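Below is one structure; the comments refer to it alone.
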Number of protein chains: 2
Amino acid sequence: MSVTAAKGFTAAGIAAGIKENGNPDLALVVNTGPRRAAAGVFTSNRVKAAPVLWSEQVLKSGALSAVVLNSGGANACTGPKGFQDTHATAEKVAEVLGVGAGEVAVASTGLIGILLPMDKLLPGVEKAAEALSEHGGEKAAIAIKTTDSVHKTSVVTKNGWTVGGMAKGAGMLAPGLATMLVVLTTDADVDSESLDKALRAATRVTFDRVDSDGCMSTNDTVLLLASGSSEVTPEYAEFAEAVRTVCDDLGQQLIRDAEGASKDIKVEVVGAASEDDAVEVGRSIARNNLLKCAIHGEDPNWGRVLSAIGTTRAAFEPDRLNVAINGVWVCKNGGVGEDRDTVDMRYREVHIVADLAAGTETATIWTNDLTADYVHENSAYSS
Amino acid sequence: MSVTAAKGFTAAGIAAGIKENGNPDLALVVNTGPRRAAAGVFTSNRVKAAPVLWSEQVLKSGALSAVVLNSGGANACTGPKGFQDTHATAEKVAEVLGVGAGEVAVASTGLIGILLPMDKLLPGVEKAAEALSEHGGEKAAIAIKTTDSVHKTSVVTKNGWTVGGMAKGAGMLAPGLATMLVVLTTDADVDSESLDKALRAATRVTFDRVDSDGCMSTNDTVLLLASGSSEVTPEYAEFAEAVRTVCDDLGQQLIRDAEGASKDIKVEVVGAASEDDAVEVGRSIARNNLLKCAIHGEDPNWGRVLSAIGTTRAAFEPDRLNVAINGVWVCKNGGVGEDRDTVDMRYREVHIVADLAAGTETATIWTNDLTADYVHENSAYSS
């Protein structure tokens, strides 16, 4: 059900011809109201794609009537013409829906440095508008896929209101592998300030902690739109929790679909002096290519975990560090711990616990292994 | 000729039985004087191996009579017993050479988290001492190999004096892939302060700018020993230049032998506001897995270069960035430049120039591509 699980939304996903293989490549999500509150979070990359620059701008009003998303081209590093194309796309959506262009967010994903085929994209917007439906959420989710092997949706329904969403990508907000695009919708009656607060709180501990390959996209975009059509205004905490749950679910789906991955790795840092320390250490472990290769080879190589911890500024003493892999404390007090031959690495999920023995804060970062398939997928063609 | 190219040094490389396959695994380098000045640079990883902790300590005197190096085990994360083993190794070298243990540096490389087989290592020291020769430099260079496919040596001879050295590893000082161990010797009559200054100046622009896979070792060690036996005291600038030349040559040999690599990538950052900016940008580009895969696939994917630049704090405007790949300016002013199809990627060396258009400072970082062979080599067995 995706973005149309919540009342007050229609969506469509169609093939506009942007992708040369004829696959669906254009999605439209429309908020039919009565409320049109919205919030967004964008890539922290300083090289931002035209649609990110546009959407950051329009989001300042705290209101959105529609989101148009295309795969088949990132419209990044495309100069003034690229920005004009994004603007023209928003204008076209505005025209066919009878709203203002300043209420239309744009998101794009695909190869950097090529202009979008506007002669196909603009007629595609008309086609998508004609296809809008209260049941169009799944088709929209399919149309934003790039290297994704499956489309990703998630829905949480509470007492009278719903939060749902769709995502594409095999990576993360900051950093981001392939571009991550996420659109969340809710029929809860929530103002834009609360949407913004709930969205930032959720992405900080979900998408921000999914780190597939340490690469940050120019296009990452997460939007949350509220229609108010349930006429229910939930408690903030309950609403924020529902947003977090959907983000967490979509984030997990992204990491499980990471390019070429054969293992999903949960890096849990405990005993940290601060949450920042825990995140820094978790990210350092998650980005260590040597460790990611070892996990691929089902080798519980805890020395590479310690080596990664040692590159951080976090508070710890080397001779107090402990590391567990799949429940076996293979490293104790900075040295050899339990027998590494007892670690069972046969399953897809691998759980690494790094105990800094320096406090009580924790953080969990999700990543995946580094495989020959990843190399193949990212070297065999431009993406 | 390696470490015995300079007069006043003997060396040996033997098989002590530390490696199960019977390959050479123990090297000894001895300074026969008359001067015994020395300097060292070590990993910046906070998780330091026992031999690094030991050698940092003995180097404080500015004097070394010998260096003992073993492959087959890193002696890292091995607790108090590991440090005792390093100490016992130095004591054994001191005993057989008739010097003090505080004049003996120790370096180790291999798997983290296992104790060294001291019952093999200590007799190995005796065997190595018996094999010491003024022609032993090459054998020493062979004995410190781990995953290296070739041994690495370099020599610069000036008017009456020489700087020579050996290196192992397929990575870098900070960070470091597989451990990098380097021993340089000179018969120039130079005091330890000048050695230290010249060594730090050289490693900063050579080994520190070789970044194979962004992983930092627990054991990286670079030592420079001076025997004074040429009885020539060169001008500091000339001496520093010779040290830099040898370090540069060895650094190049390391990157060309990087695990699984098929391309050597020179990342040259120009137009930076500061040298720090240039290094930060160069390192970010050099560590971008997506770009490294693209180069492997001979794809001049400049979008991934811009994406990597965008994650840094360096001074730049996105719409002023220029990128050349193998001489073709594929990105101009942050957008599409010359035809990417004219980039010739057939050769092993790939030259990326990133122009930040923000100043006049430059830096060059060397890296290599990311290949299925790298994944295989680092997942198929513990290393």
I'm told A:T245 meets every condition in (1) over 19 Å from B:L370 (Cβ atoms); (2) open to solvent by less than 40 Å² (accessible area, probe 1.4 Å); (3) in a helix (DSSP H, G or I) except one. Can you identify the failing condition by its number? (2)
For the range B:356-375, give me each residue that is over 20 Å from B:G251 (Cα atoms) and either assigned to a loop (DSSP other than H, G, I, E, B) or within 14 Å of another protein chain (Cβ to nearest Cβ) (or both). B:L356, B:A357, B:A358, B:G359, B:T360, B:T371, B:A372, B:D373, B:V375
Across the range A:50-85, which residue is nearest to A:A198 (Cα to Cα) among those that are within 14 Å of chain B (Cβ to nearest Cβ), in contact (Cβ under 8 Å) with a residue 12 or more places away in the chain and among the polar types (S, T, N, Q)? A:N75
Top-ranked residue of the range B:50-73 - restricted to ones that are open to solvent by less than 20 Å² (accessible area, probe 1.4 Å) and among the polar types (S, T, N, Q), ranked as farthest from B:V182 (Cα to Cα): B:S65
Answer with yes or no whether B:S230 is under 17 Å from B:T367 (Cα atoms) and either of a type in the set (S, T, Y) or open to solvent by 20 Å² or more (accessible area, probe 1.4 Å) (or both). no
Select from the range A:17-61 the residues that are in contact with a strand residue (DSSP E or B) (Cβ under 9 Å, 6 or more places away or on another chain), among the β-branched types (V, I, T), under 21 Å from B:D319 (Cβ atoms) and in a loop (DSSP other than H, G, I, E, B) and list them in ascending order. A:T43
Cross-chain or 6+ apart pairs with Cβ under 7 Å, the range B:292-311 first and more than 8 Å from chain A (Cβ to nearest Cβ), then open to solvent by 10 Å² or more (accessible area, probe 1.4 Å) and assigned to a helix (DSSP H, G or I): B:P300/B:R340
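Could you pull out the residue among B:V205, B:V270, B:V190 that is more than 14 Å from chain A (Cβ to nearest Cβ), touching a helix residue (DSSP H, G or I) at 6+ places or on another chain (Cβ under 9 Å) and farther than 30 Å from B:W161 by Cα?
Only one candidate passes the filter, namely B:V270.
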Which of the residues that make up the range A:56-76 are of a type in the set (S, T, Y) and either under 19 Å from A:T186 (Cα atoms) or at pLDDT below 90 (or both)? A:S61, A:S65
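Every residue in the range B:72-89 that is under 22 Å from the mean Cα position of the chain (by Cα) and farther than 21 Å from A:G310 by Cβ, please.
Hit for the range B:72-89 is B:G72, nothing else.
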How many of the residues making up the range A:217-242 are part of a helix (DSSP H, G or I) and over 20 Å from the mean Cα position of the chain (by Cα)? 3
Restricting to the range A:282-291, name every residue that is assigned to a loop (DSSP other than H, G, I, E, B) and facing chain B (nearest Cβ under 7 Å). A:N288
What is the residue count in the range A:140-152 for residues that are touching a helix residue (DSSP H, G or I) at 6+ places or on another chain (Cβ under 9 Å) and either within 14 Å of chain B (Cβ to nearest Cβ) or open to solvent by 40 Å² or more (accessible area, probe 1.4 Å) (or both)? 3
Of all residues making up the range B:38-49, the number that are open to solvent by 10 Å² or more (accessible area, probe 1.4 Å) and either in contact (Cβ under 8 Å) with a residue 60 or more places away in the chain or among the hydrophobic types (A, V, I, L, M, F, W, C) (or both): 4
Which one of B:D355, B:D373, B:D339 is open to solvent by 10 Å² or more (accessible area, probe 1.4 Å) and within 17 Å of B:R256 (Cβ to Cβ)? B:D373
Is it true that some residue in the range A:269-276 is within 19 Å of B:Y374 (Cα to Cα), open to solvent by less than 30 Å² (accessible area, probe 1.4 Å), at pLDDT 90 or above and not assigned by TED's automatic domain parsing to the domain that holds A:D213? no
Leading residue by the ranking (most open to solvent (accessible area, probe 1.4 Å)) among those in the range A:312-331 that are aliphatic (A, V, I, L, M) and more than 10 Å from every other protein chain (Cβ to nearest Cβ): A:A315
Name the residue, out of B:A90, B:A76, that is touching a strand residue (DSSP E or B) at 6+ places or on another chain (Cβ under 6 Å) and open to solvent by less than 10 Å² (accessible area, probe 1.4 Å). B:A90
Quick test of your reading of the structure: A:D344 fulfils all but one of (1) more than 28 Å from the chain's Cα centre (by Cα); (2) at the interface with another protein chain (Cβ under 8 Å from one of its Cβ atoms); (3) closer than 23 Å to A:A258 by Cα. Name the failing condition by number. (2)
Check whether at least one residue in the range B:176-198 is among the acidic types (D, E), modelled with pLDDT under 95 and assigned by TED's automatic domain parsing to the domain that holds B:T245, and report yes or no. no
Filter result (in contact (Cβ under 8 Å) with a residue 40 or more places away in the chain and either within 14 Å of chain B (Cβ to nearest Cβ) or small (G, A, S) (or both)) within the range A:19-37: A:A27, A:G33, A:A37
Out of everything in the range B:93-128 that is open to solvent by 40 Å² or more (accessible area, probe 1.4 Å) and in contact with a Gly (Cβ under 8 Å, 6 or more places away or on another chain), what residue ends up being farthest from the other protein chains (Cβ to nearest Cβ)? B:K120
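The values are calculated or read from the model by the stated rules, or taken from the named source; none is laboratory data. The shown structure was predicted, so the numbers you read here are calculated from the model rather than taken from an experiment. Because the Cβ atoms are built from the backbone with ideal geometry, glycine has one as well, and the counts that use them run over all protein chains shown. Remember, those area values only see protein heavy atoms, side chains included, never the ligands or the DNA or RNA. Shrake-Rupley method; radii C 1.70, N 1.55, O 1.52, S 1.80 Å.
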